[in-house]
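Here is the structure we will look at, set down as structure tokens.
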Amino acid sequence: MAVLENIDIRDVLPHRYPMLLVDRIVEFGEDYIVGIKNVTANEPFFLGHFPDFPVMPGVLIIEAMAQVGGTLVLKDLPDRKSKLVLFASIEEAKFRKPVLPGDTLRLELKTLKRKSTVVKMQGTATVDGQVVAEAIVMCKVIDRPGSAAAPQA
């Protein structure tokens with residue numbers, strides 16, 4: 001049972017197709033979150049990324065991780081519509097197995113450190129219980145340009 005369905009995630013994250021890479025959030029707590037990405041043969045990146053052996057690009061697996069983590073960071077902010085979560089760094093990224101059409105990517109992130117507007121998280125992506133990728137991602141919360149909270153030029 002999903003805690004947040006795709007339509008709910010779109011209320012938290014600004015991403016839209018084809019860059020919204022989270023289908024649902026199935027679990028979250030104070031310092032962790034678990035999201036799901038169903039990988040289908042219709043994904044636009046498969047047209048050009050090894051068409052004879054379609055593999056989900058590793059950078060998009062990390063992006064999906066970051067989006068799940070961003071959901072954790074933004075979900076409880078009362079003014080989240082005026083905020084964005086941006087990558088600050090990616091560390092220790094490792095890709096263990098290819099992610100193929102038909103796979104269900106389970107993305108688990110745990111907060112390692114939170115300081116003001118910067119959050120560092122450990123992310124693990126699995127398919128059928130096997131680790132396919134892992135990374136430490138750091139993100140920064142900023143005021144959305146054009147929002148009342150953003151500094152005016």
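None of the figures in this text is laboratory data; all of them are computed from the coordinates on show. All figures in this text were calculated on a predicted structure; none of them were measured in a lab. Counting neighbours? That spans all protein chains shown, and the Cβs are built from the backbone with ideal geometry, glycine included.
Assorted remarks:
- Residue list for the range 119-138, restricted to those being farther than 17 Å from L21 by Cβ, under 13 Å from the mean Cα position of the chain (by Cα) and of a type in the set (A, V, I, L, M): I136, M138
- Qualifying residue in the range 35-42 (condition: over 22 Å from E5 (Cα atoms), touching a residue at least 12 places away in the same chain (Cβ under 8 Å) and more than 13 Å from the chain's Cα centre (by Cα)): no
- Highlighted here would be strands (runs of 3 or more DSSP E) found entirely within the range 1-115 that include at least 2 residues which are among the polar types (S, T, N, Q) and surrounded by fewer than 16 Cβ atoms within 10 Å (Cβ to Cβ), but there are none.
- Odd one out for V132, checked against (1) out of contact with any helix residue (DSSP H, G or I) (no Cβ under 8 Å at 6 or more places or on another chain); (2) surrounded by 14 or more Cβ atoms within 10 Å (Cβ to Cβ): (1)
- Residues satisfying the stated conditions in the range 59-78, i.e. out of contact with any strand residue (DSSP E or B) (no Cβ under 9 Å at 6 or more places or on another chain) and within 15 Å of I9 (Cβ to Cβ): D76
- Selection of first residues in the range 1-25 that are without any contact (Cβ under 8 Å) to a residue 40 or more places away in the chain and of second residues that are assigned to a helix (DSSP H, G or I) and of a type outside the set (D, E, K, R), restricted to Cβ pairs under 7 Å at least 6 apart or on distinct chains, gives the following pairs, ordered by first then second residue: P18/P44; D23/N6; R24/N6.
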